[in-house]
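Scroll down for the structure; my scribbles are underneath it.
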Amino acid sequence: MNKMGILVAALMWAAPSFAQNTTEQDFVTKVAISDMMEIQSSQLALDRNPDKDTKPFAQQMVKDHTQTSKELKALVDGVKVKASLPTALDDEHQKKLDALKAKSGKDFDNAYDQMQREAHEQAVALFEDYAKSGSNKDLKAWAAKTLPHLKSHLAMAKKLS
């Protein structure tokens, strides 16, 4: 196998399809942690006197991700989804939040903006895949209903400067 073939194989292994490998529990965990991260990082941004485009974005993220957290909790509590919700960030996301907390001024704004773009790209991919091929019909329907909002967030995040 040539170098390009090895690279392609490595990328395929490193970025498996969420839908084929994501169980109900995996999806619920990823979404819940993502929501917690969005809320905590956006609240932090609001506390840091953000620039003029970041403030309304951060306010929208707190509002919308609080809502999706409530909706996900209702699905899990209503026994339509057999999964448990995490109660705290995982190590990976906690480290990202801690690194963000260490920044200030323009460095903070730039890091927050980049984090939002990356997080929403990942969320859109996750929700698209689960909406197409997820195993739980109620969770699939919710993922499909939520997806346009995440795409809107991604478009907004790409406009942050």
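The values are calculated or read from the model by the stated rules, or taken from the named source; none is laboratory data. These numbers were taken from a predicted model, which means no experiment stands behind them. Ideal geometry is used to build each Cβ from the backbone, glycine not excepted, and the neighbour counts take in all protein chains shown. All accessible areas refer to the heavy atoms of the entire protein, side chains included, with ligands and DNA or RNA removed. Shrake-Rupley method; radii C 1.70, N 1.55, O 1.52, S 1.80 Å.
Restricted to the range 74-119, and to residues that are in contact with a helix residue (DSSP H, G or I) (Cβ under 6 Å, 6 or more places away or on another chain) and free of Cβ contacts under 8 Å to residues at least 24 places away in the same chain, which residue is most open to solvent (accessible area, probe 1.4 Å)? Out of the qualifying residues, it is K103.
Of everything listed in (1) farther than 26 Å from E128 by Cα; (2) exposed (fewer than 12 other Cβ atoms within 10 Å of the Cβ), the single unmet condition for K70 is (1).
Residue-wise test of (1) in contact with a helix residue (DSSP H, G or I) (Cβ under 6 Å, 6 or more places away or on another chain); (2) at pLDDT 95 or above; (3) within 22 Å of G105 (Cβ to Cβ).
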residue	(1), (2), (3)
N2	no, no, no
A14	no, no, no
T23	no, no, no
I33	yes, yes, no
L44	no, yes, yes
V62	yes, yes, yes
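Only one entry of L147, L126, L154 meets the criterion of being open to solvent by less than 60 Å² (accessible area, probe 1.4 Å), within 15 Å of the chain's Cα centre (by Cα), under 24 Å from Q25 (Cα atoms) and free of Cβ contacts under 8 Å to residues at least 40 places away in the same chain, and that entry is L147.
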